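Notes follow the structure.
The numbers here are math on the coordinates, done by the rules we state, and not lab data. For clarity, every value in this text was computed on a predicted model and none was experimentally measured. Ideal geometry is used to build each Cβ from the backbone, glycine not excepted, and the neighbour counts take in all protein chains shown.
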Amino acid sequence: MLFDSHAHLDDERFNHEQDEVIARAAAAGVTGILNAGADMESSQRAVRLALKYPNVYAAVGMHPHDAKLMVNDDYDQLAAWACEPKVVAIGEIGLDYYYDHSPREIQQKVFIRQLDLARQTGKPVIIHDRDAHADILAIVKDQGKGIPGVFHCFSGSVEMMREVLKLGFYISIAGPVTFPKSVKLKDVAAQVPLDRLLVETDCPYLTPHPYRGKRNEPAFVRLVAEEVARLRGLELQELAEAATNNTKTLFGLT
């Protein structure tokens, strides 16, 4: 009973292989996959995949990398997609100060407007945060009140995790938790309350050990869950059931 709470099955690295990839995920015990959009084109593909596969759901949104490309009509299109029954979130959205592919001021403006879109459509948000912890927290505290969501592929400290939890958000753990040097993330995975924990692959990126360097896929969320369970002293089944139930609760799938 596993749920990959964040994937990119529409990525070109999965071209013409979705059937096989989803079958392998099912064989590994993955009962659901949430495919997150990163720009307008990938959001549209996410919607199409969700309509095609019964156990795939979609999120739509503009990643901070491409925030500079956002135009007014795009917000209307995202709102329209959000009305589709299998579109369960706005995302992934947020800030990325590591690459700075879009100016930070524009990233912030687009992030805030998509938070407002989530509020208007009644959808939770999937937040991308890379090297932007302080600004992300400040914006969510000021502009995101009352909006549920998850900090996906969490990369902050235990102290930041506590701040995120105070805001009512979930924490999602991805493949880097399996890396030997990811001490900070292992601490977070061990300490986040079990009722606020999600697991994900972020495939095709961030492939967990021992497949690091190869293409990631939803079946590998099992490796993430196994490591988190080990860190917490839990059986895999208990961890998987809790994370899956949390995913369904957050995204209204119960």
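Data overview
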| quantity | calculated |
| --- | --- |
| Translational diffusion coefficient (Stokes-Einstein; Kirkwood radius from C-alpha pairs) of the chain at 4 °C, 1.567 mPa s, in µm²/s | 73 µm²/s |
| Relative contact order of the chain, pairs being alpha-carbon contacts under 8 Å that are 6 or more residues apart, as % | 20 percent |
| Gain on full stretching of the segment that runs from Glu17 to Arg230 - 0.36 nm per residue minus C-alpha separation | 73.5 nm |
| Reachable lysines from Lys141, criterion Cα separation under 17 angstrom, eight or more residues apart if same chain | Lys109, Lys166 |
| Cross-link partners of Lys186 among aspartates and glutamates (Cα-Cα below 16 Å; sequence separation of 8 or more within a chain) | Glu159, Glu200, Glu226, Glu227 |
| Residue order, fewest to most beta carbons within 10 Å, for Ile112, Ile90, Ile173 | Ile112, Ile173, Ile90 |
| Nitroxide proxy distance, nm - points 7 Å out along Cα→Cβ at Asn245 and Ala26 | 2.6 nm |
| Simple label model, 7 Å out from Cα along Cβ direction - Glu84 to Tyr98, nm | 2.8 nm |
| Rotationally averaged projected area of the stretch 1-106 (alpha carbon convex hull; nm²) | 7.1 nm² |
| Convex hull of the stretch 105-200 built on C-alpha atoms - directionally averaged projected area, nm² | 6.1 nm² |
| Interchain or long-range residues, amide H under 5 Å from Ala89's placed H | Val60 |
| Among beta bridges that DSSP assigns inside the chain, antiparallel share in %, nearest 5 | 0 percent |
| Structure-based [θ]222 nm, the chain - -39500 (n - 2.57) summed over DSSP H runs of at least 4, per residue, nearest 500 | -13000 deg cm²/dmol |
| Extension gain, Gln77 back to Met1 (0.36 nm per residue minus Cα-Cα distance, nm) | 24.0 nm |
